[in-house]
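The values are calculated or read from the model by the stated rules, or taken from the named source; none is laboratory data. These numbers come from a predicted model, not from an experiment. Neighbour counts are summed over all protein chains in view; Cβ atoms, including those assigned to glycine, are modelled from backbone coordinates with ideal geometry.
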Amino acid sequence: MSTLYKSVAFNLATTSVTTLYTCPIETETLIKTIQVTNYTTSGNVDLVVFINKSGTDYDITHQILSSKDSINALDGILVAEAGDVIKIQAGASNSISGAMSFMEVRSDTKNPI
């Protein structure tokens, strides 16, 4: 078994649902933070974070970020299992950026999780 600390950065250029991360096979992932900011100088922006499990999207959080506002979109640690997908969507294009920090716990066939 191994653990890897990672992060992914994002800049949402569209209002489409965007995949941030897909949990690899033989892996469980502990997502600690999804830091987001509305970097525009005008207006509020709606933000939604989803987890997709077995083909179904589940809303994790809905936030409204005012201009130049920053938040951690998660209230606690989120556990993703192999095949789960973390997605994000902004209500306005070119207004939201951020980073997701997480730890992957990988197993192998000799030492399953």
Residue within the range 26-36 that is out of contact with any strand residue (DSSP E or B) (no Cβ under 7 Å at 6 or more places or on another chain), polar (S, T, N, Q), more than 14 Å from Gly98 (Cβ to Cβ) and touching a residue at least 12 places away in the same chain (Cβ under 8 Å) present: no
Subset of the range 88-104 [under 11 Å from Ile34 (Cβ atoms) and not aliphatic (A, V, I, L, M)]: Gly98, Ser101, Phe102
Residue match in the range 9-26 (condition: modelled with pLDDT of 95 or more, of a type in the set (Asp, Glu) and more than 10 Å from the chain's Cα centre (by Cα)): no
Residue within the range 49-60 that is under 15 Å from Asn11 (Cα atoms), touching a strand residue (DSSP E or B) at 6+ places or on another chain (Cβ under 6 Å) and assigned to a strand (DSSP E or B) present: yes
From the options Gln63, Gln35, residue that is in contact with a Gly (Cβ under 9 Å, 6 or more places away or on another chain) and either surrounded by 15 or more Cβ atoms within 10 Å (Cβ to Cβ) or not small (Gly, Ala, Ser) (or both): Gln35
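Of everything in the range 8-32 that's in contact with a Gly (Cβ under 8 Å, 6 or more places away or on another chain) and either of a type in the set (Gly, Ala, Ser) or part of a strand (DSSP E or B) (or both), which residue is surrounded by the fewest Cβ atoms within 10 Å (Cβ to Cβ)? So that I can check it myself, show each step before the final result.
Residues of the range 8-32 that are in contact with a Gly (Cβ under 8 Å, 6 or more places away or on another chain), as a first pass: 9-10, 15, 22-23, 25.
Within this subset, residues satisfying the condition of being either of a type in the set (Gly, Ala, Ser) or part of a strand (DSSP E or B) (or both) are 9-10, 22.
Details: Ala9: 10, Phe10: 18, Thr22: 15.
So the residue we want is Ala9.
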Gln63 being among the polar types (S, T, N, Q) and either without any contact (Cβ under 8 Å) to a residue 60 or more places away in the chain or part of a loop (DSSP other than H, G, I, E, B) (or both): yes
Residue list for the range 66-85, filter: surrounded by 12 or more Cβ atoms within 10 Å (Cβ to Cβ), in a loop (DSSP other than H, G, I, E, B) and small (Gly, Ala, Ser): Ser67, Ala73, Ala82, Gly83
